[in-house]
Amino acid sequence: MSLSRDELIAAAEQAFDSQSLAPDATQSWQTISEMGWLAMCVPEDRGGLGQGSEARAVIHHALGRALVPGPAIAQMMVIDALTGGSRSDEADTILEMAMAGERMTASLALNIGDVLSAVPDADMSSHLLHITDERVALVPMASCEAEQRETWDETRRLFDVRIGGEQRLVLAEGDEARTLSETIRGNMLLALAADSLGGAEAALAISIEYLGTRHQFERPLAMFQALKHRCADMRVAISLADALLWQEATSASLSLTRAGALKAQASRVYKEVAEEAIQLHGGIGLTLEHPCHLFLKRAFLNCALGGDADYWEERAGRECLASA
Amino acid sequence: MSETIEGLRSELRSWLVDNAPSDWRLADTHEGFVAGQRGWFARLVEAGYAVPHWPQQWPGGGRSLAEQKVIYEELARADAPRLLLTFVSTYHAFATLSECGSAEQQERYLPRILEGETWCQGFSEPGAGSDLAAIRTRAVLDGDHYVINGQKIWSTMAQYADRCLLLVRTDSSGPKQAGLSYLLMDMKAPGVTTRPIRQIQGDEEFAEIFLDDVRIPVSERVGEEGEGWKVAQATLASERGLTLMELSYRMRGAMWRLADLIHANGRNDDPGVLRDFGRLSARVDSVCAIADAYLQKRIEGTESIGDAALVKLGYSRCLRAWADFGVRIGGVSEQYRAPITFGDLNTGNWMADFMNSYAWTIAGGSDEVQRNIISERMLGMPREPKHWTQEASQ
């Protein structure tokens, strides 16, 4: 049964209230598991809820909006690999654990090789997804070396991981591996786009709220047309990227390049809105106790993860040139 | 469903091979352009592709959203002319009369639109642009006629129109919106004079209308006296909704012009150019997507205030960026004048397209007006108090 977008959004909003930003990581992970979100896009015959990309977008939009910490995007990449790769008893067992909330992780950068960067929560994870040109495999974290990197974005914990040992569960090889890795990465990009637009939505909302309460020159700042028009432009930018997000999330087949172009647009909008949010908040926006900076830092990280705008837009340009 | 959609696409594609005018861009007089527009409209009506957005009871109407999109996309892809001459009649006049016209007015005027009768819109005045409700063209009751005096401006194709959707002032005593009425005017009536406006790119898409003691029967009023503002909203809503879907899809259908230009200038391996092209392409996609989503909301009745403004602002800024990119890639040769195509927004004469794009950032509610609508009525930010403007004008 397919859930409607509105039903999914309502459930997501209940789980993560956009008024409580950057909630506790452990509690958040528990909520994500209990909500069944990790099983959301797993086919029903593998024990999941059988939902598509639209549900995925709703989830990550909600996580982005409330600045929820944790490795949800990486976890879902592992789950995508397990459901899209060759089936075995071992794969089924690991998939079950992953859906139940056992942490597993993957690199959110586009790197290939034996040292992976931008791997969330590697210290708490049991398995690591390893994608190469030839192979998609799961490696036990116990056989890898993880080094935590302190990130500007306080809502995410990232590690560099050196892959070690020979023991791995191969999920796909050759052409199948390439197809599977495109699917996994396309979904990651969609998730990053949704996270970005959720964050942009929240950053704009708190800015408008602040402009309505802060008085200078005997009037609320929100009354100044110069500021209103900047907010309107941000609203337009977010709504345009949103329209593209929902269109791509409901399309029958999402190409990797289109997902990349979408993520490039969405993360750029996020960064621009978060940048403006601090400016519109004035001095208070520069203080560590105010949440504005959390949006800016997460936005910059989202711009960098999954391949940057230069990479994806050049690739999209080449494809459009060939097909126009 | 996709089978019928793809069926429609291939049917229209082959129809266009035989029927799409190929020489319309060469029209070098306005009269030649208008004759071409009339002929093309008649052919589209006959084939059932002219008014896909009309309801089912009309020939060629009742198309689903998906079908409409295919039609607009294919027309653009085949480089067929956009229907500028009949733009106001098939959108604004049709929507206004369908929603607010009397049964008799509908019966009299709607069928004639398909026969080629053209309409223009008499709204803006020299002193009333963004502040439309400030119009001063007067209509004074004289027996069973109104007598009209005043001036209208920025009226699309008014110099060729048969009839006019005319917004007039019937009362100056109360609030400015409450004193307006909406009339249907015969452009051949004594006292009506039009003068085309030469635009910066050389086209004459708009005209001024001068009204000297023009007599309009009271039976040609739409709605009650004093309801003109309400009726005008129906006219304006049609412009911000359906037309933008057509134009967005036409812009996307014309992406090949940019691709050709990139190739022709040997820039097809230039990463900077490719990036900007990829970025623009995604932006055009997002404009099409928001136009789609907006129409879906209208169909479902879930439209909110400001939604149309988001679409219009998204489209107008993207249209400017589209032309700007072409001017940049074309280099110096774009600075040499080339003949313009009348009545099209995505022509590949990039300087002309750039200048023509102001029609969408200024007309139909400027970008600034859209930003006011979005911030005040959608985001709930407060309006300036009225007394500021009084202080400023003292």
Against the definition (among the hydrophobic types (A, V, I, L, M, F, W, C), touching a Cys at 6+ places or on another chain (Cβ under 7 Å) and within 30 Å of A:I206 (Cα to Cα)), how does A:A62 come out, yes or no?
no
Which helices (runs of 4 or more DSSP H) does region B:284-394 wholly contain that include 3 or more residues that are within 13 Å of another protein chain (Cβ to nearest Cβ) and over 21 Å from B:L242 (Cα atoms)?
B:307-330, B:386-393
When region B:196-233 is checked residue by residue, the ones that are modelled with pLDDT under 90 and either buried (at least 21 other Cβ atoms within 10 Å of the Cβ) or touching a strand residue (DSSP E or B) at 6+ places or on another chain (Cβ under 9 Å) (or both) are B:D203
Within region B:318-337, residues over 28 Å from the mean Cα position of the chain (by Cα) and of a type in the set (D, E) come out as none
Restricting to region A:225-235, and then to whatever is surrounded by fewer than 24 Cβ atoms within 10 Å (Cβ to Cβ) and without any contact (Cβ under 8 Å) to a residue 12 or more places away in the chain, can you tell me which residue is nearest to the other protein chains (Cβ to nearest Cβ)?
A:H229
Is it true that some residue in region A:304-312 is facing another protein chain (nearest Cβ under 8 Å), crowded, with 24+ Cβ neighbours inside 10 Å and of a type outside the set (S, T, N, Q)?
yes
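Would you be able to say whether some residue in region B:239-248 is among the small types (G, A, S) and buried (at least 22 other Cβ atoms within 10 Å of the Cβ)? Let's see the steps before the verdict.
Pass one, region B:239-248, residues among the small types (G, A, S): B:241, B:248.
Next, only the ones that are buried (at least 22 other Cβ atoms within 10 Å of the Cβ) stay: B:241, B:248.
Looking for residues that are among the small types (G, A, S) and buried (at least 22 other Cβ atoms within 10 Å of the Cβ), one finds at least one in region B:239-248, hence yes.
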Region B:262-283: number of residues that are small (G, A, S) and at the interface with chain A (Cβ under 7 Å from one of its Cβ atoms)
3
Which one of these does A:Y270 not meet: (1) facing chain B (nearest Cβ under 10 Å); (2) among the aromatic types (F, W, Y); (3) closer than 30 Å to A:R318 by Cα?
(1)
In region B:246-261, which residues are within 12 Å of another protein chain (Cβ to nearest Cβ) and in a helix (DSSP H, G or I)?
B:S248, B:R252, B:G253, B:M255, B:W256, B:R257, B:L258, B:A259, B:D260, B:L261
Candidate set from region A:243-257 (those that are of a type outside the set (A, V, I, L, M) and more than 8 Å from chain B (Cβ to nearest Cβ)); member that is surrounded by the fewest Cβ atoms within 10 Å (Cβ to Cβ):
A:S253
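The values are calculated or read from the model by the stated rules, or taken from the named source; none is laboratory data. Computed from a predicted structure; not experimentally measured. Positions of Cβ are generated from backbone atoms using ideal geometry, with glycine treated the same way; all protein chains shown enter the neighbour counts.
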